[in-house]
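Notes follow the structure.
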Amino acid sequence: MTLILIIGLSLLAASVVLVLRSFALANADRRRTLDQVAAYGFNSSSAPAAEASVDVRTALEDLATATGERALARFDGLQSSEKGLRELLNSAGLYRTSVASFVGKRILAVSAGLSMLVLLAASGRLDARTFFGSAMLTVMGWYMPYVRVQRRARLRVEQIDREVPELVDLLVTTVEGGVGFAAGLQLASRSIEGPLGQELRLALREQSLGLTPEHALRNLSLRVDSPATRAFTQALAQGESLGVSIGTILRDLATDMRKRRRQSAEERAQKTPTKILFPLIALILPAMFIVTLGPVVMEALNFFASV
């Protein structure tokens with residue numbers, strides 16, 4: 001009964017969050033539409049009502065940010081890990097999410113789990129099972145956001161690492177066609193979608209704000225810590241410092257990228273038999289034993305039971 005109560009409370013909380021998120025998205029779409037209308041010079045009578053509506057998502061974001069700022073100011077351990085959290089959020093592409101907001105959301109999730117534990121204790125339904133379940137939810141509220149962001153950062157870096165060879169090939173084509181490297185980088189940022197395109201556009205924006213191309217590419221390698229990105233930025237920086245032709249650098253880099261991709265594919269292919277071994281032993285072989293030996297075992301049991 002208590003387990004069903006915990007599951008029901010979790011589903012109720014998830015439904016409330018989804019409903020609040022739907023209202024927040026509706027308000028955001030309404031404001032975006034009104035801004036587009038206002039850009040054409042029209043005034044909408046529903047604009048004050050839209051501005052007066054309560055944005056629950058913004059309120060929760062402000063609460064999380066305030067909670068995270070207080071926690072960062074009070075605990076030295078969080079302050080020491082602030083730089084690492086910022087790098088992790090940048091690797092995940094969450095540039096608009098502050099470290100204070102991220103820490104505040106984790107604290108609010110832990111507070112929700114502790115509140116459920118207090119409510120169960122106050123209602124007299126707290127036993128070993130409910131205590132263990134509430135404790136697990138509290139621990140998950142602290143660690144799951146970090147694990148989710150870490151997984152998103154890892155998948156994003158892997159995707160960028162796979163797309164860098166296509167970027168190098170595109171730059172080789174544009175540079176050898178007579179287009180400058182900066183113009184070719186702009187063309188590549190427009191044609192490439194996904195995380196790599198976002199990082200290229202961010203690097204170009206940094207250049208427009210006054211950074212040199214070397215510093216912008218170095219910042220890109222710091223945000224995306226992958227072998228292909230490091231090789232790309234280091235080759236361009238060394239070529240710029242040594243005065244080597246950019247076309248020659250990109251051509252050699254494209255050849256090296258193809259070799260690395262081939263080696264990576266061969267490495268994954270060699271790991272496949274080892275990865276298949278565990279599901280084979282845990283899933284396939286037991287099912288085969290049940291199908292092949294099950295009737296024999298049943299016949300043997302029936303035989304010995306009839307004796």
* To do: Among the candidates R251, R218, R260, R268, single out the residue that is of a type in the set (K, R), open to solvent by 90 Å² or more (accessible area, probe 1.4 Å) and within 13 Å of V164 (Cβ to Cβ).
  => R260
* Structure fact -> Selection over segment 141-158 where residues are under 8 Å from the mean Cα position of the chain (by Cα), farther than 15 Å from T229 by Cβ and open to solvent by less than 40 Å² (accessible area, probe 1.4 Å) yields a count of 1
* Structure fact -> Inside segment 221-236, the number of residues satisfying the requirement of being open to solvent by less than 30 Å² (accessible area, probe 1.4 Å) and either at pLDDT below 80 or not small (G, A, S) (or both) is 6
* Asked: Checking A305 against (1) under 30 Å from A183 (Cα atoms); (2) modelled with pLDDT under 85, which test does it fail?
  -> (1)
* Quick one: would you say A203 is among the small types (G, A, S) and surrounded by fewer than 17 Cβ atoms within 10 Å (Cβ to Cβ)? -> no
* Hey, can you tell me all the residues within segment 119-148 that are under 30 Å from S91 (Cβ atoms) and among the hydrophobic types (A, V, I, L, M, F, W, C)? => M136, L137, V139, M140, W142, M144, V147
* Of all residues in segment 159-191, how many are open to solvent by 40 Å² or more (accessible area, probe 1.4 Å), touching a Ser or Thr at 6+ places or on another chain (Cβ under 8 Å) and closer than 17 Å to R258 by Cβ? -> 2
* Asked: Does E299 count as modelled with pLDDT of 85 or more, within 28 Å of the chain's Cα centre (by Cα) and farther than 22 Å from V179 by Cβ?
  -> no
* Structure fact -> Only one of L167, L185 is at pLDDT below 85, of a type in the set (A, V, I, L, M, F, W, C) and under 15 Å from T229 (Cα atoms), namely L185
* Asked: What is the number of the single condition among (1) hydroxyl-bearing (S, T, Y); (2) out of contact with any Gly (no Cβ under 6 Å at 6 or more places or on another chain); (3) in contact (Cβ under 8 Å) with a residue 24 or more places away in the chain that S115 does not meet?
  -> (3)
* Asked: Inside segment 264-303, can you point out the residues that are of a type in the set (F, W, Y) and farther than 30 Å from E158 by Cβ?
  -> F289, F303
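The values are calculated or read from the model by the stated rules, or taken from the named source; none is laboratory data. Source: prediction; values computed, not measured. For neighbour counting, all protein chains shown are included, and Cβ atoms are generated from backbone atoms with ideal geometry for every residue, glycine included. Ligands, DNA and RNA are stripped out before the accessible areas are found, and what is left, the full protein with its side chains, is counted by its heavy atoms. Shrake-Rupley method; radii C 1.70, N 1.55, O 1.52, S 1.80 Å.
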